[in-house]
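Asks: Structure below; questions to follow.
What follows is calculated from the coordinates using simple rules that are stated; it is not laboratory data. All of these numbers come straight from a predicted model, not from anything done at the bench. Heads up, the Cβs are rebuilt from the backbone with ideal geometry, glycines too, and the neighbour counts pull from every protein chain shown.
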Amino acid sequence: ARTSRSEMVRKRTVRCRSTASEDPLSPPSQRSRAHDTSTELQPMPTSPAMDVSLFSSPMAPRSVLQSEIDASSPLMYGTPSSRVEGTPRSGIRGTPARQRADLGSVRKAPQVDMHSEPVSESLAGSEQGAGQRLVIWGTDVNVGTCKEKFQRFLQQFTDPNSREEENAGLDLNEPLYMQKLDEISVVGEPVLNVNCSHIQTFDADLYRQLICYPQEVIPTFDMAINELFFDRFPDSILEHQIQVRPYSALKTRNMRALNPEDIDQLITISGMVIRTSQLIPEMQEAFFRCQVCAFNTRVEVDRGRIAEPAVCRNCNTTHSMALVHNRSAFSDKQMIKLQESPEDMPAGQTPHTTVVYAHNDLVDKVQPGDRVNITGIYRAAPMRLNPRQSQVKSVYKTHIDVIHFRKTDEKRLHGLDEDGEQKLFTKERVAMLKELAAKPDVYDRLSSALAPSIYEHEDIKKGILLQLFGGTRKDFTQTGRGNFRAEINILLCGDPGTSKSQLLQYVYNLVPRGQYTSGKGSSAVGLTAYVMKDPETRQLVLQTGALVLSDNGICCIDEFDKMSDSTRSVLHEVMEQQTLSIAKAGIICQLNARTSVLAAANPVESQWNPKKTTIENIQLPHTLLSRFDLIFLMLDPQDEAYDRRLAHHLVALYYQSEEQIEEEHLDMAVLKDYIAFARTSVHPRLSEEASQALVEAYVDMRKIGSGRGMVSAYPRQLESLIRLAEAHAKVRFSSKVESIDVEEAKRLHREALKQSATDPRTGFVDISILTTGMSATARKRKEEVAQALKKLIQSKGKTPAMKYQQLFDDLRGQSEAAITKEMFEEALRALADEDYLTVTGKTVRLL
Amino acid sequence: MPTVHDWINNPLAVVDGLFAQSNSSPDWEKKVVEYFKEKLKLNDAHTWVPSLNDVPLYYLKPNSLVKFRCMVQDMFDPEFFMGVYETNDLTSNSKQVKCGKYRDITVGGQVDFNSRNTVTSERQTFYCVPIPGESQWAKESYAGTSQARVVPSTSYVPNRHKRSYEEDDEMDTQPQQMKDVSQGTQSSAESHGNTEPKRQETEAPSHDSSSAHCTSSLDLNFPLPGEKGPACLVKVYEDWDSFKLNDMLEVFGILSADPALRVIADEREASLLLDPTEVTETVEEQRVHSPPASLVPRLHMLYAQPLVHNNPLLPSSAPENDGDHLSSVLGELASVRAELHTYLTHVLMGDSLAAEYLILHLISNVYSRRDVLPLGKFTLNLSGCPHSSPYTEHLYKAIQQLVPSSYRLCMSLHNMNNQRMVPRKDYTANRLVSGTLQLANNTSLFLDETQLEQGQLDATGVRNITALGNLISWQKVDYDFNYHQMEFPCNINVLITSEGRSLLPSDSQVHLRPTLNPPNLEEYLSAVQVAQIPSQLNKYRIYLSVARALNYTISDEITKAVEEDFVEMRKDDPQSMSAEDLHRLLVVARLLSLSHGQNTLSRDGWMKAKQLEALRISRTQQQKSVSGNEP
């Protein structure tokens, strides 16, 4: 197999050899002279002399070289006017080329071009003939064919199924990239991003060439696109010539997979920016002037080094050339350190880092902390050695010259798109998942694969499973209702030591974007976001907290009851609107926090008191509780059969063999992929039949209570049902929500309500416990007390004011049930609300 | 044995020879590894290889074969190097193809970068440190088994020692320590007088201070403060994905300490000025990634053996390969256990229940994980330890004598607020800055809560407490990677000593109830410790390591019985027996069986475990009521 290293070396040898082979090959070019006059020689009267030397001296190739590479030569930078008549190329009309430092050592590609370039130029388009056989040295790329292919690709490629964000607003049935060219002519930003997978579907061979020889192929693409563009829009004015930036080379790899074979190839890797350097002005071309005869010459920088001319070509004086900084060409460069994304890492290893160089306008495009996909050319260079020693450190330095950045987390901040986290599954994997989904008992299978170490609690696991899948995201922004929440929130409450924390830990470890916090340890700031002054840059930086970080994931909050009220209050917005508003230190913004909340709360008393309602037991505001779709109680059932099974489960836990454990781990990986796949590719919609079932379910729920004069369901419950039904459809990989989904949603919802909203006094399920914090019977009793009090006051006749304590005692004496002070006060408040009386201090006044 | 000396003293010659034979077919690499593996397999060939752990670096010959017992502290980025390269000899104008594997620097002549024979290969660098908290006895014992004949290299001049004293202070503590070691073993073997250990005690801190002093110039990134010994950059050539952070390894490799590797600071700065574009590393990064070879030597790995334990008294291979050794240990296991129990009872001031639990704790081991749940951990909280008395220190010393590696963490406010416990990624230097909780598997972590006083915990303190809590509950440490956290599972035995119930979670709390009340606590404790002769101690050490590694099963019949029992217990009083209690009971039963050398749970064992738990719980409840009555 070919090692790229030797490949690279070979190319480099070409350069050395080309010095010798150039003269015969290069035609006595008109262009070089024209070019010389326009840029180099203009200020000087000695041009003829130079031209002579050009053809006579063996040192000439340098300047020939420069003239040859008008497409990418830095010489033209900034001198458009002089270039107009200088370029013979027809379509481009004097738009200056911009040097592509991202392609690295610029001279490499052009000078190998020479072998084919002159031919294609001189034969004036007859590439079909002899031109076809000519390839760039060391590659199999023929410039003419390559150009033609790429132009055909641009003109013909359509992608009717495109879901990419950039293509929004484009007619998907028209050639995609031609529309983008139109865009360029309007916007004037001379950069064309090309998706490599498009090229691959269009022409696999072209794609292969692009991947293997990016350094040669991309300039060819540049040429092609510019010809095409200026043919179409001859009059448009661009800052510089259009540059092609390929991205998402399908060879997308993680950093760990990079190996010596990737050197000099086009690669796409993902990672996180951890450090950026300051801007480095990198000399691209040094300008030398002879101090004796004032002869000028330019020397290109070769891998950070300048070969200083020892002899002046003009007057043959040795060591007379001096560098003139002002006339040398520089380009911007920035060093970026990229770290492997945490998801790509095998357990127990530390993340790798790679050095990335950004050039020109890509400088300062990314900040530390950004998640990016970068496309670029992987490079290796021998370590710089100590010039005094012949020994060499046998290690290469590697880096990537970036061609394209794509931020992967940007979309999370603005858009709804979930493509950013789309995991690439192999076909076999997808087939396997689909096969699993087709099984009738997939729902049970998955729920039992969830946290197998936790015993039973089947319904809770099912609830959490549905939470992991989530509902379908709907957008009603147009109609003014904003986003509907698609995430399912779940609260677990129950006795301490019923493995709630363990369940939370499991979920946290299962989902890619999970966060785990404890109510005791988290502050409002830690949950939401805070503004911090960066000590280095003195910039204000928004640091996001757990809720924002778990956007599109699950935020597990343990010890929910121990959270301070102010902290809890931020959850109100997050749990219904799914956004987080921040107004701090002059930064006012709304961040997305489309997170599911999985919370666990302990009862206020050490044990769950079955005689009290859920609200009374955990002492959480009902406004918050009503935002949970499902509230489960995890109680010790205290029943013999259960105990037996529990004991069996636990004992098994302690002696099961390694293999069985292995099997389960496999399950966890499958579960992870299953969820990821369903979340990204299944978007169920309600079927007619399902909507009917939902309506009926809702009406039924309301009916239950109406008989006893209470409201037993609110629209919020209906929304919960819809979400649960959608999630269940997702579990089945079904694009339609059907009545079985509604059935399960109903069942689960009822189950949860039965646990959490049963009024301990009556034994009925009473939704108002959760929505208003008080059961209907409690409210009824409150009213009775108030009425009794009113009667009492009325019986006293026309006394405008009464003593508070006196009244309390009277009421207690009169009523047969025990009346607490709270009840009395509540009754007073109720009467005050009726405007029947007012309480001032210790006296009660009638109105 | 001249042959031995060939492959130990000049392994590169072997490598080159095999490379030359191969005619550039790639399987020579395998052959090299095979060759050395074979050589090391020969009876105790590995003991002839000098160890970096106990031989000072300047006694070792560069490019010789050495071994290093270490823990992987950090993993650097992979690097590409010239696996095969061609050199041009300018004088003779001849070309030569050479192999660059196992070398840092090319040899001979000008390297021809454009040669077609060049092969680029990849290798990975690990930053390895000696096993943190390794007990003195383990070090001594390892050093004692070594048969390596370290001949000072010819360039070694006696007075160089003196000259290098200042610059190589770090290294210099080594021979001194070695002397101590030999004295220590002699003295403990000969006499058990009271004076000897005292002397060692007074010496220990002075070592610490001196090593702290010299590491300040170059932070060698040891997880624990006051550690010493060489750190090493280990270059790994194959299967580096199989190694994990915090793995204990015994690396056999070629030592490379070429002074050319040292980049002199001035020179570096000069190059900075010259060529800012070429500099991809910050100064900090360079300091970390290419430290002077005299302090951090390079080791080119030929072969590494993962260490299941670092107990020198046991064969380093997995226990099942060594049946007869195991059976001999198992034979006298019961008596050793009884002796150890008596010894620990004495150390715990006559509290035999606490001693029982301490044994269980010492052999506990996370043997498996079920999703997030670590199984087999047994964190013990010894409450009732006197506040701010030297007692806990003595207790720790006793434990230190028993386990191969341990660390005592004083939970003083100052420590909690200032110590870095969780390792943190330093992005400027591009390395993982170690913390106290970066420990190898089966390290005993002794948390001394009696040192904690009232006061304010700051943000670091809270983070540290949370980290300790996570460590105890889930046996994992979340390393801080600035932009995200990464979870590293660990297997650390945590023992907490406290006055009352510890503020940290624990699996089991035992309230210490001393039955002895010696007038002079310190004297009594040192007497107890000294009374143990080394051979006795060695037995304990072997016992603990063997018991921990035993396999364990529960038969179906016993499973049934346990189920019955659980149901029965819950019938009487559901509150007294929760699922959590059953969890604990199962762990106790497991450890109790293992401590008696039983591979499987017997009915008897189960009953014993229950009794033990009942005893412990009743004591805790009594304690509660007692303290409840107190004002």
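Asks: Among the listed pairs B:Lys39/B:Lys235; A:Lys672/B:Lys610; A:Lys149/A:Lys180; B:Lys476/B:Lys539, which are separated by more than 28 Å between their Cα atoms?
Replies: Pairs exceeding the cut-off: A:Lys672/B:Lys610; B:Lys476/B:Lys539.
Asks: While we're looking at this one, here's another question. Averaging over every viewing direction, what projected area does the convex hull of the Cα atoms of segment A:265-407 cover, in nm²?
Replies: Average of the hull's projected areas for segment A:265-407 equals 11.6 nm².
Asks: Can you put A:Ile237, A:Ile269 in order, fewest other beta carbons within 10 Å first?
Replies: Ordered from fewest to most neighbouring Cβ atoms within 10 Å, A:Ile237, A:Ile269 come out as A:Ile237, A:Ile269.
Asks: In Å, what is the Rg of the alpha-carbon atoms in segment B:8-84, and how long is Dmax?
Replies: Computed over the Cα atoms of segment B:8-84, radius of gyration and Dmax are 14.8, 39 Å.
Asks: Further question on the same structure: Put a dot 7 Å past each Cα toward the Cβ at B:Lys244 and A:Ile306; how far apart are the dots in nm?
Replies: Going from the A:Ile306 label point to the B:Lys244 one covers 5.4 nm.
Asks: Count of lysine pairs in segment A:774-846 with Cα atoms under 20 Å apart, counting only pairs 8 or more residues apart in sequence or on different chains?
Replies: Within segment A:774-846, the lysine pair count is 17.
Asks: Amide H neighbours of A:Lys474 under 5 Å, at least 5 residues apart or on other chains, H built in the peptide plane: list them.
Replies: A:Phe484
Asks: Once amide H atoms are placed 1.01 Å from N in the peptide plane, what residues at a sequence separation of 5 or more from B:Lys476, or on another chain, have their amide H within under 5 Å of its amide H?
Replies: Under 5 Å from the amide H of B:Lys476: B:Leu471, B:Cys490.
Asks: Within a 10 angstrom radius of the beta carbon, how do B:Lys67, A:Lys611 rank from fewest other beta carbons to most?
Replies: Listed from fewest to most nearby Cβ atoms, that is A:Lys611, B:Lys67.
Asks: Report, please, the projected area of segment B:550-630 averaged over directions, based on the convex hull of its C-alpha atoms, in nm².
Replies: Its average projected convex-hull area is 6.0 nm².
Asks: Tell me, what is the Rg over Rh of segment A:133-247, with Rh the Kirkwood radius over Cα pairs?
Replies: 0.96
Asks: Looking at segment B:430-543 only, what percent of DSSP beta bridges run antiparallel? Nearest 5 please.
Replies: 45 percent
Asks: Using the count of nearby Cβ atoms within 10 Å as a rough guide to exposure, how do A:Arg289, A:Arg327 rank from fewest to most?
Replies: On the way: A:Arg289 18, A:Arg327 14.
Neighbour counts put them in this order, fewest first: A:Arg327, A:Arg289.
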